[in-house]
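Trainee: Before I ask anything, let me first share the structure, which is written out below as structure tokens.
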Amino acid sequence: MSSVPSSPLAAPAAAAYDPDARLSAPAWLRANLFSSVWQSLLTLVVAVVLIRFFWFVLDWGVVNAVFYTTDPDVCRAATGACWAVIVEKHRPMLFGLYPYDEHWRLVLMMAVYLGTVILSLWPRCWNLRFLVPLWIVSSLSIGILMFGGVLGLRYVPTSEWGGLPLTMLLFTGTVLIGMPVAVLLALGRRAPLPVARGVSVVFIEALRGVPLITILFVAVNVFPLFLPAGVEVNKLLRITVGIAIFFACYQAEVIRGGLQAIPTGQYEAAASLSLSYWQTTRRIILPQALRISLPAITNHIIAAMKNTSFVIIIGLFDILTATTAVMQDPLWRKFYIEAYLFVAAVYLFFGYALSLYARQVEKWIASGRI
């Protein structure tokens, strides 16, 4: 059979729809921002609004701002932001009720914590022989630094913990406890055993249907009533477990969605290899489900970081609660906007870092590195 001659118009048509073709700057602006009269008007209106907004931010936040002073009257006389309130109050904002003279321990603790987390997220370190000793040593070091009572360090009870270190510990405990529970609940909801499936469904629906505040109230005030006389569980531990269970119920449904997306052919192929249920789940099904669910999993992890701020209702001073308490100072109370912007920047930094890491993991998966 003779080949059909190609049309001379085929090449220009293909080039016109080439997704890799790059437009010049004027052509891009004309195609995306000024393609019609109404789009041009909308572009101009949005541009004017953005210019006015950014000019206000620049004028208020930089040009007329006060960056350092110990006298609040200087800030009151200024027409811009008072970033000096952060310089003046950053230690109680970041460290809460923790003894002022012991703040160096919290700085060292955060360095150990962040170093451990960074190493744990690096693919080259994904080896249990390395990670298990790392987390054991890090946990002991963090416990010694936070509690004290040994090596000549002053003992500090958990009731005096606060600020950013408390937020970091609550978040880490939530993820480390909640993720395994979420996986078990997701598997249980799809288990062939009716009892396991029923228990998982009831657990997920019951706890997912109540507010987090209710769970924290139960953990703090109701749970101790069921303990034997003389037995007491640390309040911080109860709160961490409560937030972790709440997180696990939402995360379980995300993982279940990933499990449902696995084609039945994967199960049939595993059965043909005589793999058991747990071998199939651990080696084939669960890794694929977690990869599919990664964006939604990341979303709930970021939400879990922000949910730690709910501890305000049970008297723990995380970074948000500590900032609220600090801004009761009548000398600096007027500049609460700057203080809360600082807290928002801290949350944004950690949230965006988690988002960037999730994107990098997706690239590693796409390239076959993991």
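The values are calculated or read from the model by the stated rules, or taken from the named source; none is laboratory data. Here the structure is a predicted model, which is why all the values come from computation and not from measurement. Neighbour counts run over all protein chains shown; Cβ positions are idealised from the backbone, glycine included. Side chains are part of the model used for accessible areas, which takes the heavy atoms of the whole protein and leaves out ligands, DNA and RNA. Shrake-Rupley method; radii C 1.70, N 1.55, O 1.52, S 1.80 Å.
Conditions tested, residue by residue: (1) of a type in the set (Phe, Trp, Tyr); (2) in a loop (DSSP other than H, G, I, E, B).
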position	(1), (2)
Tyr113	yes, no
Leu119	no, no
Arg124	no, no
Val132	no, no
Trp135	yes, no
Ser138	no, no
Leu145	no, no
Leu151	no, yes
Val156	no, yes
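Trainee: Here is a further query. Residue under question is Asp59, and the condition is that it be open to solvent by less than 70 Å² (accessible area, probe 1.4 Å) and modelled with pLDDT of 90 or more; does it hold?
Mentor: In short, yes.
Trainee: Does Lys363 meet the test of being under 30 Å from Ala81 (Cβ atoms), open to solvent by 80 Å² or more (accessible area, probe 1.4 Å) and part of a helix (DSSP H, G or I)?
Mentor: When the stated conditions are applied, Lys363 does not pass them.
Trainee: Now for a separate question. If we keep just the residues of the range 93-103 that are open to solvent by less than 40 Å² (accessible area, probe 1.4 Å) and in contact (Cβ under 8 Å) with a residue 60 or more places away in the chain, which is nearest to Ser159 (Cα to Cα)?
Mentor: This residue is Tyr98.
Trainee: Looking only at the range 104-139, count every residue that is more than 30 Å from Ser355 (Cβ to Cβ) and surrounded by 11 or more Cβ atoms within 10 Å (Cβ to Cβ) and tell me the total.
Mentor: So the count comes out to 1.
Trainee: Kindly indicate whether any position in the range 162-176 is β-branched (Val, Ile, Thr), more than 23 Å from Leu286 (Cβ to Cβ), in contact with a Ser or Thr (Cβ under 9 Å, 6 or more places away or on another chain) and assigned to a helix (DSSP H, G or I).
Mentor: yes
Trainee: Right, next: Could you please find all residues in the range 280-295 being out of contact with any Gly (no Cβ under 6 Å at 6 or more places or on another chain) and either over 22 Å from Ser355 (Cβ atoms) or open to solvent by less than 80 Å² (accessible area, probe 1.4 Å) (or both)?
Mentor: Thr280, Thr281, Arg282, Arg283, Ile284, Ile285, Leu286, Pro287, Gln288, Leu290, Leu294, Pro295
Trainee: Would you say Leu169 is under 22 Å from Ala303 (Cβ atoms), among the hydrophobic types (A, V, I, L, M, F, W, C), open to solvent by 20 Å² or more (accessible area, probe 1.4 Å) and modelled with pLDDT under 90?
Mentor: No.
Trainee: If a residue must be open to solvent by 30 Å² or more (accessible area, probe 1.4 Å) and closer than 20 Å to Leu294 by Cα, how many such residues does the range 221-279 contain?
Mentor: Total satisfying the criteria: 9.
Trainee: Let me ask something else. Looking only at residues that are among the small types (Gly, Ala, Ser) and touching a residue at least 12 places away in the same chain (Cβ under 8 Å) in the range 216-250, which one is nearest to Ser200 (Cα to Cα)?
Mentor: Ala248
Trainee: Test Val85 against the stated conditions and say whether it is touching a helix residue (DSSP H, G or I) at 6+ places or on another chain (Cβ under 9 Å), part of a helix (DSSP H, G or I) and under 30 Å from Trp161 (Cβ atoms).
Mentor: Spelling it out, Val85 is indeed touching a helix residue (DSSP H, G or I) at 6+ places or on another chain (Cβ under 9 Å), part of a helix (DSSP H, G or I) and under 30 Å from Trp161 (Cβ atoms).
Trainee: Going by the structure shown, is Thr298 at negative phi, touching a residue at least 24 places away in the same chain (Cβ under 8 Å), open to solvent by less than 30 Å² (accessible area, probe 1.4 Å) and in contact with a strand residue (DSSP E or B) (Cβ under 9 Å, 6 or more places away or on another chain)?
Mentor: no
Trainee: Pro72 versus (1) more than 21 Å from Leu169 (Cβ to Cβ); (2) modelled with pLDDT of 90 or more; (3) open to solvent by less than 20 Å² (accessible area, probe 1.4 Å): which is the lone unmet condition?
Mentor: Answer for Pro72: the failing condition is (2).
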